[in-house]
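K.L.:
Shown below is the structure under consideration.
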Amino acid sequence: MRKMSRIIFSGIWLICFGCIKKYKFTSKVCSGKFYAEVYNINPAGVDEIYLTDSLNIKIFIGKFDNEHEKISFDCKGDSIKIFKLAEATVGNKMEIIDAKTLSLSELEKRKNTEPLFEFK
């Protein structure tokens with residue numbers, strides 16, 4: 001009976017406290033013009049990523065499985081191309097599964113919290 005109580009308590013604790021967003025790291029994007037902030041939101045390896053300039057812009061890029069997916073940025077002139085990559089079914093390579101291009105003016109206008117990429 002006592003073992004069952006511990007299992008139930010552990011399950012409730014994991015549900016309540018295991019999915020709290022925790023800051024992981026920040027990396028420079030576009031030669032330091034922007035930053036990608038990554039937060040762990042799930043102990044099973046799901047992360048959220050935001051694109052920010054630290055002052056005016058903070059855009060929710062989306063969620064990704066940090067073991068099998070990644071988000072990449074390519075900056076050219078006034079635009080940022082954002083790629084969502086996933087492990088290829090063959091070989092040890094990543095393949096692009098989705099891409100979005102945003103201009104600097106779009107970044108400044110974008111105020112909603114809808115992600116650019118859906119988590120699947």
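K.L.:
Quick check on Ile80: is it in contact with a Cys (Cβ under 8 Å, 6 or more places away or on another chain) and within 22 Å of Cys30 (Cβ to Cβ)?
P.N.:
On the way: in contact with a Cys (Cβ under 8 Å, 6 or more places away or on another chain): yes; within 22 Å of Cys30 (Cβ to Cβ): yes.
It is true that Ile80 is in contact with a Cys (Cβ under 8 Å, 6 or more places away or on another chain) and within 22 Å of Cys30 (Cβ to Cβ).
K.L.:
Give the number of residues within segment 94-120 that are in a loop (DSSP other than H, G, I, E, B) and either in contact (Cβ under 8 Å) with a residue 12 or more places away in the chain or closer than 16 Å to Leu51 by Cβ (or both). Reasoning before the result, please.
P.N.:
Residues of segment 94-120 in a loop (DSSP other than H, G, I, E, B): 110-116, 118-120.
Still in the list and also either in contact (Cβ under 8 Å) with a residue 12 or more places away in the chain or closer than 16 Å to Leu51 by Cβ (or both): 110-116, 118-119.
Qualifying residue count for the region: 9.
K.L.:
Identify, from the list Gly62, Gly91, the residue that is without any contact (Cβ under 8 Å) to a residue 40 or more places away in the chain and either surrounded by fewer than 16 Cβ atoms within 10 Å (Cβ to Cβ) or closer than 12 Å to Val38 by Cα (or both).
P.N.:
On the way: Gly62 fails: without any contact (Cβ under 8 Å) to a residue 40 or more places away in the chain.
Going through Gly62, Gly91 in turn, just one is without any contact (Cβ under 8 Å) to a residue 40 or more places away in the chain and either surrounded by fewer than 16 Cβ atoms within 10 Å (Cβ to Cβ) or closer than 12 Å to Val38 by Cα (or both): Gly91.
K.L.:
Show the residue pairs that are 6+ apart or on different chains and have beta-carbon atoms under 7 Å apart, the first residue being within segment 42-55 and touching a residue at least 12 places away in the same chain (Cβ under 8 Å), the second being of a type in the set (Lys, Arg) and surrounded by 17 or more Cβ atoms within 10 Å (Cβ to Cβ).
P.N.:
These pairs meet every condition: Val46/Lys63; Asp47/Lys63; Glu48/Lys63.
K.L.:
Out of segment 65-77, which residues are in contact (Cβ under 8 Å) with a residue 12 or more places away in the chain and either touching a Gly at 6+ places or on another chain (Cβ under 9 Å) or open to solvent by less than 90 Å² (accessible area, probe 1.4 Å) (or both)?
P.N.:
In the first step, residues of segment 65-77 are kept if they are in contact (Cβ under 8 Å) with a residue 12 or more places away in the chain; the result is 65-73, 75.
Answer for segment 65-77, where residues must be in contact (Cβ under 8 Å) with a residue 12 or more places away in the chain and either touching a Gly at 6+ places or on another chain (Cβ under 9 Å) or open to solvent by less than 90 Å² (accessible area, probe 1.4 Å) (or both): Asp65, Asn66, Glu67, His68, Glu69, Ile71, Ser72, Phe73, Cys75.
K.L.:
When you scan segment 1-20, do you find a residue that is charged (D, E, K, R), modelled with pLDDT under 90, open to solvent by 40 Å² or more (accessible area, probe 1.4 Å) and not in a helix (DSSP H, G or I), even just one? Step through it out loud before you land on a result.
P.N.:
Going residue by residue through segment 1-20, those that are charged (D, E, K, R) are 2-3, 6.
Going one step further and asking which of them are modelled with pLDDT under 90, we end up with 2-3, 6.
Those still in the list that are open to solvent by 40 Å² or more (accessible area, probe 1.4 Å) too: 2-3, 6.
With not in a helix (DSSP H, G or I) added as a condition, the list becomes none.
No, segment 1-20 contains no residue that is charged (D, E, K, R), modelled with pLDDT under 90, open to solvent by 40 Å² or more (accessible area, probe 1.4 Å) and not in a helix (DSSP H, G or I).
K.L.:
Among the residues of segment 35-57, which ones are surrounded by fewer than 13 Cβ atoms within 10 Å (Cβ to Cβ) and of a type in the set (S, T, N, Q)?
P.N.:
Across segment 35-57, the qualifying residues are Ser54, Asn56.
K.L.:
Based on this model, can you work out whether Gly32 counts as open to solvent by less than 40 Å² (accessible area, probe 1.4 Å) and not in a strand (DSSP E or B)? So that I can check it myself, show each step before the final result.
P.N.:
Values: open to solvent by less than 40 Å² (accessible area, probe 1.4 Å): yes; not in a strand (DSSP E or B): yes.
Considered against the rule, which asks whether it is open to solvent by less than 40 Å² (accessible area, probe 1.4 Å) and not in a strand (DSSP E or B), Gly32 comes out as yes.
The values are calculated or read from the model by the stated rules, or taken from the named source; none is laboratory data. Only a predicted model underlies this, so the values are computations on that prediction, with no experimental measurement involved. Cβ sites come from the backbone with ideal geometry, for glycine too, and all protein chains shown count toward neighbours. Accessible surface areas use protein heavy atoms only, side chains included; no ligands, DNA or RNA. Shrake-Rupley method; radii C 1.70, N 1.55, O 1.52, S 1.80 Å.
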